[in-house]
Amino acid sequence: MNKIKYIFSALIVIITLLSCEEDEIVDINEIITIEASPNNVLADGSTKIELIGYPNNDASSGKRNIVFTTKKGVFIENGMKTITKEATRLNGRLQSRVELLAPSTLGDFEITGEVDVQDLKGFYVAKKEIIVNPSNVAKIVMKVDSFSVPNNFRGEINIMASLLNEKNGGVTEGVQVLFEDLKNDLTTPVNGAYRNLMLTSGSNSTVSATYSPGLITAGQFIYIKGTVLDSNGAKTTIKDSVKIYVN
């Protein structure tokens, strides 16, 4: 009876091996898994995502380099969308660690990792999805490169506004800002001149302009005010201003 069972088991193994296609045979040294922390982020362009690639713990020394590739964001170490990092042993386990900077645009994306073996590129790829949520603007901070400027178009100052979320991180791209120049009463327009206007935020969560107060009497203070606009172009309550002396 035991002999019959042995023969039957052997037949099952042989049939299974014969039924396998060549491309189904996996070298265990090529298998890799990826962990991401966090894997649910804000589109703020500043959140760091830690990625850990785990090759097989018995992988030979030539099969420990992990190639990480991202669809969005960039790797902090090289500022690119692909990076290769050798797995080293930590607490008894081979692992490769890199950091990714979250994107500033919406849309979930995928990170892949594979062992850097040229002949097997694309065969054994681990994937990790990163969920991206809006990073809404909660604050605007106005800055200038000088707190005084000559009148009558004899000089200019550079204005920049930083847009921040409620955690003082960056915001999702596309926030619009209105710059206004106002006299000391914070109501009357100065009607100065702007150039180099960049009033929609990009990946660095800033807007900017170059400004001259123009034909205005010297010896007085004015204010440059920045106000965040909503999706319809209307003013919101999110604003800030900076005081400038006209000389």
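If you go through segment 43-100 and pick out every residue that is among the β-branched types (Val, Ile, Thr) and within 30 Å of Asn168 (Cβ to Cβ), you end up with 8.
Filtered by the rule that a residue be modelled with pLDDT of 95 or more and outside any strand (DSSP E or B), segment 192-203 gives Gly192, Leu199, Ser201, Gly202. What residue, among those in segment 162-185 that are assigned to a loop (DSSP other than H, G, I, E, B) and among the polar types (S, T, N, Q), is surrounded by the most Cβ atoms within 10 Å (Cβ to Cβ)? So the residue we want is Thr172. Being in a loop (DSSP other than H, G, I, E, B) and at pLDDT 95 or above: is that true of Glu129 here? Taking the combined requirement at face value, the residue does not satisfy it. Taking the criterion of being in contact (Cβ under 8 Å) with a residue 60 or more places away in the chain and more than 30 Å from Thr237 (Cβ to Cβ), would at least one residue in segment 76-84 satisfy it? Within segment 76-84, not a single residue is in contact (Cβ under 8 Å) with a residue 60 or more places away in the chain and more than 30 Å from Thr237 (Cβ to Cβ). Taking segment 111-126 as the range and being outside any loop (DSSP other than H, G, I, E, B), farther than 12 Å from Ile49 by Cα and either among the hydroxyl-bearing types (Ser, Thr, Tyr) or touching a Ser or Thr at 6+ places or on another chain (Cβ under 9 Å) (or both) as the test, the residues that pass are Thr112, Gly113, Glu114, Ala126. On the stretch given as segment 79-110, residues that are of a type in the set (S, T, N, Q) and over 16 Å from Gly53 (Cβ atoms) total 2. Could you check, for segment 51-61, whether at least one of its residues is out of contact with any strand residue (DSSP E or B) (no Cβ under 7 Å at 6 or more places or on another chain) and either modelled with pLDDT of 95 or more or under 30 Å from Thr227 (Cβ atoms) (or both)? Looking through segment 51-61, none of the residues is out of contact with any strand residue (DSSP E or B) (no Cβ under 7 Å at 6 or more places or on another chain) and either modelled with pLDDT of 95 or more or under 30 Å from Thr227 (Cβ atoms) (or both). Within segment 228-247, residues that are within 13 Å of Glu180 (Cβ to Cβ) reach partners that are of a type in the set (Gly, Ala, Ser) and part of a strand (DSSP E or B) with beta carbons closer than 8 Å, at six or more positions or on different chains, in the pairs Lys239/Gly226; Asp240/Ala161; Asp240/Gly226; Ser241/Gly226; Ile244/Ser148. The residues on offer are Gly122, Gly79, Gly113, Gly62, and the sole one that is under 21 Å from the mean Cα position of the chain (by Cα) and loosely packed, with under 13 Cβ neighbours inside 10 Å is Gly79.
The set of residues in segment 89-100 that are over 14 Å from Thr33 (Cα atoms) and surrounded by fewer than 20 Cβ atoms within 10 Å (Cβ to Cβ) comprises Arg89, Leu90, Asn91, Gly92, Glu99. In the set (1) modelled with pLDDT of 95 or more; (2) more than 20 Å from Ser203 (Cβ to Cβ), the condition left unmet by Ile31 is number (1). Number of residues in segment 213-247 that are crowded, with 20+ Cβ neighbours inside 10 Å and over 31 Å from the mean Cα position of the chain (by Cα) equals 4.
Scanning segment 36-65 for residues that are touching a residue at least 24 places away in the same chain (Cβ under 8 Å) and farther than 26 Å from Ser104 by Cα gives Tyr54, Pro55, Asn56, Asn57, Asp58, Ala59, Ser60, Gly62, Lys63, Arg64, Asn65. Selection over segment 186-202 of residues that are touching a residue at least 12 places away in the same chain (Cβ under 8 Å) and surrounded by fewer than 17 Cβ atoms within 10 Å (Cβ to Cβ) gives a count of 10.
The values are calculated or read from the model by the stated rules, or taken from the named source; none is laboratory data. The model shown is predicted, which means the values in this text are computed figures rather than measured ones. All Cβ positions, glycine included, derive from the backbone under ideal geometry; neighbour counts span all protein chains shown.
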